[in-house]
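**Student:** This is the structure I have questions about; it appears just below.
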Amino acid sequence: TDKMQVAIDGPASAGKSTIAKIIAKEFGYIYVDTGAMYRTITLAAMRAGLIVPGQETVDEAAVTALLPKTLIGFTPDPAGQRVFLNDEDVSEAIRHSDVNGLVSMISAIPAVRTDLVKRQRDIAASASIVMDGRDIGTTVLPDAQVKIFLVASVEERAARRFKENQEKGIDTNDTLSEIEASIARRDYLDSHREVSPLVQAADAQLVDTTGIDIPTVSANIASIINEKL
Ligand code: C5P
């Protein structure tokens, strides 16, 4: 393809979307936050009364039936990108801890993955893109020219998320140790599901951001992209 595809995968709160937005802006590529898509389906399932916090199984057919009615939209500018569920801006709603706790169950449903992977490939067909998620390099865009597997220690990821929550006023009562436990649980579930589990693609480059600041990480990834241009 003549279009550049940059796949950024990794565990929860590794900084994928922060880095992906910087790269998309710098190179003028479209940015697709695939985690936001799974979160939006999860929110729709909560609104439909199909799942409540703490629930551990779900009626998969009922969730699947929601898919055709669940349009997911993004505003084009990667900086400050907004996420829409049909006509509603759900950018904040999809970041709450209730959604964090339920999204891995929804994203493990095979029919949900098939549907969202198709939407992701359709978007990728239109332009050069940066896409972040869990299975972009392995499943969604296996031919991506650049594949990054972004990791950091769970302690550092929890500390970053705690700070971000306080700054953004999201779930400000959640303690550091609750956030760390929630991240570790989500990584476990995402890594152990049947379909497209979180795993580093054989041809992905591992980038460990523990103790490394955002400008350094994004400059490193920009140079990897520049080598492929
Ligand atoms: O990236 P983010 O943390 O927002 O993703 C939320 C959840 O969506 C993940 O924990 C995972 O369950 C699911 N997900 C996925 N495949 C992707 C992106 C996200 O299963 N490509």
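Each reported figure results from applying straightforward, stated rules to the coordinates on display, with no laboratory input. Predicted model only: the values in this text are computed from it and were never measured. Note that each Cβ is placed from the backbone with ideal geometry, even for glycine, and that neighbours are counted across all protein chains shown.
**Student:** Share of Cα-Cα pairs in the stretch 12-125 beyond 23 Å, in percent? Could you put the intermediate results ahead of the total?
**Tutor:** Values: 1737 of 6441 pairs.
Tail fraction, whole percent: 27.
**Student:** Okay, next question. What is the magnitude of the charge dipole of the chain about its Cα centre, with +1 placed on the Cβ of each Lys and Arg, -1 on the Cβ of each Asp and Glu, and no other charges, expressed in debye to the nearest 20?
**Tutor:** Values: 24 positive and 33 negative charges, 72 e Å.
Computed about the Cα centre, the dipole is about 340 debye.
**Student:** Let me ask you something else. Give the span of the chain's Cα atoms along each principal axis, as three whole-Å numbers ordered largest to smallest.
**Tutor:** Its Cα atoms span 48, 37, 32 Å along the three principal axes.
**Student:** Another question, then. Springs between alpha-carbon pairs under 10 angstrom, Gaussian network model over the chain: which of Asp190, Asp122, Asp77 fluctuates most?
**Tutor:** Asp122
**Student:** Read phi for every residue in the stretch 126-136 and hand back ³J(HN,Hα) as whole Hz from Karplus 6.51 cos²θ - 1.76 cosθ + 1.60, θ = phi - 60°, with x for Gly and Pro.
**Tutor:** Here the 3J(HN,Hα) series is 8, 6, 5, 9, 10, 10, 10, x, 10, 10, 5 Hz.
**Student:** Which value in Å is the Kirkwood Rh of the stretch 74-171 over different Cα pairs?
**Tutor:** Taking every pair of different Cα atoms in the stretch 74-171, averaging 1/r and inverting gives 15.8 Å.
**Student:** So how much slack lies between Ala61 and Ile224, counting 0.36 nm per residue of separation and subtracting their Cα-Cα distance, in nm?
**Tutor:** On the way: separation 163, 0.36 × 163 = 58.68 nm, distance 4.21 nm.
Length gained, Ala61 through Ile224: 54.5 nm.
**Student:** Obtain the nm distance between the two label points defined at Asp122 and Asp98 by a simple spin-label model: each point lies 7 Å from its Cα along the Cα-to-C-beta direction.
**Tutor:** 2.9
**Student:** Also, I was wondering about something else. Multiplying the sequence separation of Asp87 and Lys25 by 0.36 nm and subtracting their Cα-Cα distance, what value in nm do you get?
**Tutor:** Numbers: separation 62, 0.36 × 62 = 22.32 nm, distance 2.53 nm.
In short, 19.8 nm is gained.
**Student:** Moving to a separate point now. Taking the Cβ-Cβ separation of Val195 and Arg47 as r and a Förster radius of 25 Å, what is the calculated FRET efficiency to the nearest 0.05? Intermediate results must be reported in sequence, preceding the final value.
**Tutor:** Numbers: r = 24 Å, r/R0 = 0.98.
Efficiency computed from Cβ-Cβ geometry: 0.55.
**Student:** Next question. For a paramagnetic label modelled at 7 Å from the Cα of Glu164 toward its Cβ, which residues of the stretch 7-27 fall within the zone defined by backbone nitrogen distances under 17 Å?
**Tutor:** Only 8-25 fall inside the zone, counting backbone N under 17 Å.
**Student:** Please list, in chain and number order, the residues 5+ apart from Ser128 or on another chain whose amide H is under 5 Å from its amide H, with Hs placed from the backbone.
**Tutor:** Met4, Ile30
**Student:** I want the antiparallel fraction of DSSP beta bridges within the chain, as a percent rounded to 5.
**Tutor:** On the way: 5 of 22 bridges.
Percent antiparallel among DSSP bridges in the chain is about 25.
**Student:** So, one more: Pairs to check: Lys147/Lys228; Lys147/Lys168; Lys69/Lys147. Give those whose C-alpha atoms are more than 21 Å from each other in this structure.
**Tutor:** Working: Lys147/Lys228 11 Å; Lys147/Lys168 30 Å; Lys69/Lys147 32 Å.
Beyond 21 Å between Cα atoms: Lys147/Lys168; Lys69/Lys147.
**Student:** After finding the eigenvalues of the alpha carbon gyration tensor for the stretch 145-229, what semi-axes result from the square roots of 5 times each, listed largest first in whole Å? Can you show the working numbers first?
**Tutor:** Numbers: eigenvalues 142, 74, 19 Å².
Equivalent-ellipsoid dimensions as semi-axes: 27, 19, 10 Å.
**Student:** Among Asn100, Asn173, Asn165, which one shows the highest mean-square fluctuation when the chain is modelled as a Gaussian network with alpha-carbon springs under 10 Å?
**Tutor:** Asn173
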